[in-house]
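Undergrad: Below: one structure in structure tokens.
The values are calculated or read from the model by the stated rules, or taken from the named source; none is laboratory data. Small disclaimer: the values here were computed from a predicted structure and weren't measured. Don't worry about glycine lacking a Cβ; one is built from the backbone with ideal geometry, like all the others, and counts go over all protein chains shown. Just the protein is used for accessible areas: all its heavy atoms, side chains included, with ligands, DNA and RNA removed. Shrake-Rupley method; radii C 1.70, N 1.55, O 1.52, S 1.80 Å.
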Amino acid sequence: MRKFILLFAAAALSSLGMTAQQLNGTFDDPWVKCYPNNGSTAVGTQPEGWSVSNVYQILDFILVTPDADRTGNEASHSVKMVNTWCGVSFFNIGATAPAYMTLGHAWSYGDMENQSIKGKSDGGAYGGMDFDYRPDAVSLWVKRLHSEAESTSNKNLQINKEEKASVIFYSWKGSTTSSVKIGLSSQPTTIQMKDREKDVLGKETETPYSKTEDFELISSMEQYIEGDIKDWTQMVYDIKYHSESTPEKVNLIVSSSDFFNRAKMGEGNQLWVDDVDFVYYSTLTGLEVGGVAVPDFAADQYVYDMGVVTALPASINAVAKSPRAKVEVTVDEAAWQVRVAVTN
């Protein structure tokens, strides 16, 4: 009789048992100029590979800026987003714009004729990044604070201490097209917008859209951050898959606003973001030896002393957390050990 040891091997990140793919998610590289609405006027800067919601509507408005990273290192960067009044406060002309970042293109439209009606101005994200993988989750570190102001004399400006911040992910193949106004309503520009986020996600809009025959929404995730978070906190959000197809494109939107509810937007609400990753789980959710569940099994435990036995088990049933993970079982008879390796 020999002592039987069961070993569970997985790549681990922050003890969550996952591997990650970087999307310039540290934001530490030099930032590049931001050109709102893909125009010719630069307003502030943005991380390489991302588009941010800085605004140019006759005047410049910077909503997204670099800040010290989550370790406090001022030589590295996090992203700071602040919902900001864009207009001329003295005349109460303008609207609060949402601060956000996207792997696609940020755009905005200012409705001057209906500026007193919350939500009439518009904006969002379209397009995305070429990408043909199927991550399990999105991981990011955040801080969140709401405006300290209690009220405002501007009748078009709203303080909302209950507003949620947003984290939105989706992947797809094919494309959609809709006709969308950008810029100012006094001199609007209409563009054929490819892969607008609402069109890809199938959300109701005032503008009809078309889609190619091969269009398919493959995955999505829509999560919200509530309340104030004063210290850096890691959030991990699982992605829901609607199809087994291979995606062609992916987009990730992180916003200091309730992204799809502009009428709830709160002036001065802030969100900090750092270390954004796509996550691939490499842990188990269940483990059986010889048809019997391993006692005290835990996803973050990697070695199990199974006691003294007369023979190694005939079967090991290991269930991966990710349906895309590969589980491989190897037996070392000389050492009386069984190793379960999970890769993704």
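Undergrad: Could you tell me which residue out of Ala149, Val308, Thr233 lies farthest along the dipole of the chain toward its positive end? Charges go on the beta carbon: Lys and Arg +1, Asp and Glu -1, centred on the Cα centre.
TA: So the residue we want is Ala149.
Undergrad: While we're looking at this one, here's another question. Report the extension gain between Thr41 and Asp228 in nm, rounded to one decimal, defined as 0.36 nm multiplied by the number of residues separating them, less their alpha carbon distance.
TA: Additional length available on full extension: 63.9 nm.
Undergrad: Here are labelled values, (1) 96, 55, 27; (2) 82, 54, 51; (3) 87, 48, 34, and one is the computed Cα extents along the principal axes in Å for what I pasted. Which one?
TA: (3)
Undergrad: Now for a different question. How much of the accessible area of the range 279-335, probe 1.4 Å, is carbon plus sulfur, in whole percent?
TA: 52
Undergrad: To the nearest 0.05, what FRET efficiency results for Thr71 and Val32 with a Förster distance of 30 Å applied to their C-beta separation? Don't jump to the answer; show the numbers that get you there.
TA: Numbers: r = 23 Å, r/R0 = 0.78.
Given R0 = 30 Å and the Cβ-Cβ separation, E is 0.80.
Undergrad: So, in nm, how far is label Arg324 from label Lys264 when the simple model puts each one 7 Å beyond its Cα toward the Cβ?
TA: 2.9
Undergrad: So if I take the centroid of the Cα atoms in the range 53-96 and the same for the range 294-320, what is the distance between those two points in Å?
TA: Centre-to-centre (Cα) distance: 53 Å.
Undergrad: Okay, moving on. Between Asn344, Ser76, Phe215, whose Cα lies farthest towards the positive end of the dipole of the chain when Lys and Arg beta carbons carry +1 and Asp and Glu beta carbons carry -1, centred on the Cα centre?
TA: Result: Phe215, furthest along the dipole toward the positive end.
Undergrad: Can you tell me which aspartates and glutamates have their Cα less than 15 Å from the Cα of Lys194? Leave out same-chain residues fewer than eight positions away.
TA: Asp130, Glu213, Asp214, Glu216, Glu248
Undergrad: Work out the FRET efficiency for Glu206 and Ala298 from their Cβ-Cβ distance, taking R0 = 51 Å, and round it to the nearest 0.05.
TA: 0.50
Undergrad: For Lys164, which lysines qualify as cross-link partners when the Cα separation must be under 24 Å and same-chain residues fewer than eight apart are set aside?
TA: Lys80, Lys118, Lys120, Lys143, Lys155, Lys198, Lys203, Lys230, Lys240, Lys264
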